[in-house]
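Asker: First the structure, which I've put down as structure tokens, then a few questions once you've had a look.
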Amino acid sequence: AYANDAYHSRYYADGMNLFVELTERYDALLADHDLLAMPTVVDTAPEHDPEMDQYDRLGEDLVVTNTAPFNRTGHPAISVPVGEVDGLPVGLMLVGSRFDDATVLDAAETIESMLADRSSSA
């Protein structure tokens, strides 16, 4: 509301224009590839602090730069747990073309099955 009152939606409009460009760039990448694979987040999880409530956790420096764009671009994305670093979980994010949810879900299922087979044979 403040930005709208103070800047008459200028920054909102700029942001929406950036999402159009971002969508086009992901579309271009996915024209040549079935999926994109990337880390779900760029840092490991923060230590759990039982004194923090859900609102305090929102202020943590938890970077969602890899996941947030797909909320606007419409590309299906899923995070698959693939292991641990220093005892903390690590996720692999798979991203597909818009409206191609099935490819993303099939790939995630394949990765999970492969990891389950590997851990059961160990």
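Asker: Could you tell me the distance between the Cα centroids of the stretch 37-60 and the stretch 76-110, to the nearest Å?
Answerer: 19 Å
Asker: Please work out whether the stretch 76-122 counts as rounded, prolate or oblate from its C-alpha gyration tensor, where a ≥ b ≥ c are the square roots of the eigenvalues and a/c under 1.5 means rounded, while otherwise a/b larger than b/c means prolate and anything else oblate? List each step's numbers first, then the result.
Answerer: On the way: a/c = 5.31, a/b = 1.62, b/c = 3.28.
Oblate shape, in that a/c is at least 1.5 and b/c is the bigger or equal ratio.
Asker: When the dipole is taken about the Cα centre of the stretch 2-120, and only Lys, Arg (+1) and Asp, Glu (-1) are charged at their Cβ, what size is it in debye, to the nearest 20?
Answerer: Here the stretch 2-120 has a charge dipole of around 440 debye.
Asker: Next up: In Å and on Cα atoms, what radius of gyration and Dmax does the stretch 2-120 show?
Answerer: For the stretch 2-120, the Cα radius of gyration and maximum Cα-Cα distance read 17.7, 59 Å.
Asker: Now, a different point. Sticking with the crude label model, points 7 Å out along Cα→Cβ, report the distance from R25 to A116 in nm, one decimal please.
Answerer: Rounded to a tenth, the inter-label distance reads 3.7 nm.
Asker: How far apart, in nm, are two points set 7 Å out from the Cα along the Cα-to-Cβ line at D86 and at Y2?
Answerer: Between D86 and Y2, the label points sit 3.3 nm apart.
Asker: Same structure, new question: Report, to the nearest whole %, how much of the accessible area of the chain belongs to carbon and sulfur atoms, 1.4 Å probe, protein only.
Answerer: Heavy-atom surface of the chain belonging to carbon and sulfur, 1.4 Å probe: 54 percent.
Asker: Could you give the accessible area per residue of the chain, probe 1.4 Å, as a whole number in Å²?
Answerer: Working: 8940 Å² over 122 residues.
Here the residues of the chain average 73 Å² of exposed surface.
The values are calculated or read from the model by the stated rules, or taken from the named source; none is laboratory data. This one's a predicted model, so the numbers in the text were calculated from it and none came from an experiment. All Cβ positions, glycine included, derive from the backbone under ideal geometry; neighbour counts span all protein chains shown. Ligands, DNA and RNA are excluded from the accessible area calculation, which covers all protein heavy atoms including side chains. Shrake-Rupley method; radii C 1.70, N 1.55, O 1.52, S 1.80 Å.
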